[in-house]
Amino acid sequence: MSPQGLTGNEKGFTLIEVMVAITILAIGLLAVAATPVMVMSGNNRAQRITEASFGAMDRFEQLMMLDNSAADLTSGNHSATVTQGGLTYTVKWVVTDLDSSRKQIDVTVQWSEGLLTKQYQYAYYKTDFM
């Protein structure tokens, strides 16, 4: 054994190797730390989409209960504002008469996320059996 306790190939790690290992470890830890934030963001987005779908379905169910001669089922554009889960959604629907007893109802739900406007569209058909 040499006076310093190291012989030949027993030199240990260099400073560069240690710094590279610490850098790789830090990048991995940052990726793991960012995961909960991304998951929460995705959950919030999914909640807004679900609430928008509920708003569209609520409006559709209200329209289905109406007689075909009701004002909300006349041919043309209609709109309403719905507040659900602390957010305000704009529900728009376009009614198209297919014939004397059938109508097509296209429902669009819009909301704002920051500077972006999001929307979902649904198409329904209503038949007057009477």
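Readers should treat all values here as calculations from the given coordinates under stated rules, not as data from a laboratory. Since the model is a prediction, treat every value here as computed from it, not as a measurement.
Among the listed values (1) 1.78; (2) 2.16; (3) 1.15, the one matching Cα Rg over 2.2 N^0.38 Å as calculated from this structure is (2).
Note: the range 21-83, Cα convex hull, 104 Å³ per residue.
Taking every lysine pair in the chain that is 8 or more places apart or spans two chains, those with Cα atoms closer than 21 Å amount to 4. If each DSSP helix of 4+ residues adds -39,500 (n - 2.57) and the sum is divided by the residues in the chain, what number results at 222 nm, nearest 500 deg cm²/dmol? The helix contribution divided over the chain gives -14500 deg cm²/dmol.
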